[in-house]
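Reading through the structure tokens given below for one structure.
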Amino acid sequence: MTAKSAILSATALRDELTGPRPPLLLDVRWQLGGPDQRPAYLAGHLPGAVYVDLDSELAGPPGAGGRHPLPDPEAFGAAMRRAGVGADGPVVVYDGGQGWAAARAWWLLRWAGHPDVRVLDGGLAAWTAAGGEVTAGQVTPAEGDFKPTPGALGVLDADAAALRAREGVLLDARAGERYRGEVEPIDPVGGHIPGALSAPTTENVDADGRFLPAEALRARFGALGASAGAPVGVYCGSGVSGAHEVLALEVAGIGADLYAGSWSHWSSDPSRPVATGPDPQ
């Protein structure tokens, strides 16, 4: 049996929703520093979709672990059960189209041991562009029975991320200007982890926010030294867009570990080294 891809198209999702085992839909629309997206969800969402809030349900409280640290497994499990997530029932997550929040939900569920979770490629925008209907109002599902067993995906701490940059490949998923230290709108200092390579996650998708073909992604990551079997790590600002890069690597057939605290954690300790400027030649 061929393994499922980590992503699926709007047309494929529409077929599955009328099939014998329709997936649970989770709406995880979110904007960094933007307004709460629950009103947008209530105004219109995929039929049957349940809203999940990234800041309160897909992350722990901000603090020493970064701006979006990993949530407590018990708290995460409770949030997923409230959203209707079952132990092995299929789940499809989506956001407004950027893909970052949906990837965060995908990564957390995979990390916590869920066996069947995928991302709607292109999000809500792709769904409506394909003629999919939306419905308004709150959806309250039956309680799920999912119980996290963390560890199914690899996680790096600060020391492990520094080692990965020296002995493997560590990709920085943020915008190039933040990697180079030219601007830093959020965290205490600009720059990057020494030895990390710039790989903005925005370059993994097309103009509509849909992932590039697997072959194109393999070529992109291969040029950075990331290939199947290689020790690859990813970080970003706070573990959200980095999850999107891990998803892109998964589409390309390349496994990667996530530094969940990412730059918001690294830069919080002034004793940690900071590099600036372009990629090392």
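The values are calculated or read from the model by the stated rules, or taken from the named source; none is laboratory data. In this text the structure is predicted, and so the values were computed from the model without any measurement. As a convention, Cβ positions derive from the backbone with ideal geometry for all residues, glycine included, and neighbour counts pool all protein chains shown.
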| task | Assess whether Leu153 counts as being part of a loop (DSSP other than H, G, I, E, B), of a type in the set (A, V, I, L, M) and either surrounded by 17 or more Cβ atoms within 10 Å (Cβ to Cβ) or within 19 Å of the chain's Cα centre (by Cα) (or both). | result | yes
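If I ask for residues that are of a type in the set (A, V, I, L, M, F, W, C) and assigned to a loop (DSSP other than H, G, I, E, B), which ones from segment 183-235 would you list?
Taking segment 183-235 and keeping what is of a type in the set (A, V, I, L, M, F, W, C), we get 183, 186, 189, 193, 196-197, 199, 205, 207, 211-212, 214, 216-217, 219, 221, 223-224, 226, 228, 230, 232, 234.
The answer is Val183, Ile186, Val189, Ile193, Ala196, Ala199, Ala207, Leu212, Leu224, Ala226, Ala228, Ala230.
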| field | For Arg166: the one exception among (1) surrounded by fewer than 21 Cβ atoms within 10 Å (Cβ to Cβ); (2) farther than 25 Å from Ala226 by Cβ; (3) modelled with pLDDT of 95 or more | value | (2)
| query | Got at least one residue in segment 110-128 being closer than 21 Å to Arg210 by Cβ, buried (at least 17 other Cβ atoms within 10 Å of the Cβ) and β-branched (Val, Ile, Thr)? | reply | yes
| task | Kindly indicate whether Ala162 is aliphatic (A, V, I, L, M) and either on the phi > 0 side of the Ramachandran plot or not assigned by TED's automatic domain parsing to the domain that holds Ser262 (or both). | result | no
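State the number of residues belonging to segment 250-265 that are buried (at least 24 other Cβ atoms within 10 Å of the Cβ) and part of a helix (DSSP H, G or I).
Adding up the residues that qualify gives 3.
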| query | Looking at (1) over 16 Å from Ala196 (Cβ atoms); (2) in contact with a Leu (Cβ under 6 Å, 6 or more places away or on another chain); (3) modelled with pLDDT under 95, which is the only condition Ala252 fails? | reply | (3)
| message | Given the condition buried (at least 17 other Cβ atoms within 10 Å of the Cβ) and more than 30 Å from Pro20 (Cα to Cα), answer yes or no: does some residue in segment 73-80 qualify? | response | yes
| field | Candidate set from segment 169-191 (those that are touching a residue at least 12 places away in the same chain (Cβ under 8 Å) and in contact with an Asp or Glu (Cβ under 7 Å, 6 or more places away or on another chain)); member that is surrounded by the most Cβ atoms within 10 Å (Cβ to Cβ) | value | Ala173
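Could you go through segment 80-88 and let me know if any residue there is under 16 Å from Val139 (Cβ atoms) and basic (Lys, Arg).
Residues of segment 80-88 under 16 Å from Val139 (Cβ atoms): 80-86.
Narrowing the set further to residues that are basic (Lys, Arg) leaves 81-82.
Taking every residue of segment 80-88 in turn, at least one turns out to be under 16 Å from Val139 (Cβ atoms) and basic (Lys, Arg).
Kindly establish whether Asp145 is in a loop (DSSP other than H, G, I, E, B) and modelled with pLDDT of 95 or more.
On the way: in a loop (DSSP other than H, G, I, E, B): yes; modelled with pLDDT of 95 or more: yes.
Taking the combined requirement at face value, the residue satisfies it.
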| said: Ala223 - would you say it is modelled with pLDDT of 95 or more, surrounded by fewer than 24 Cβ atoms within 10 Å (Cβ to Cβ) and closer than 23 Å to Gly96 by Cα? | reply: no
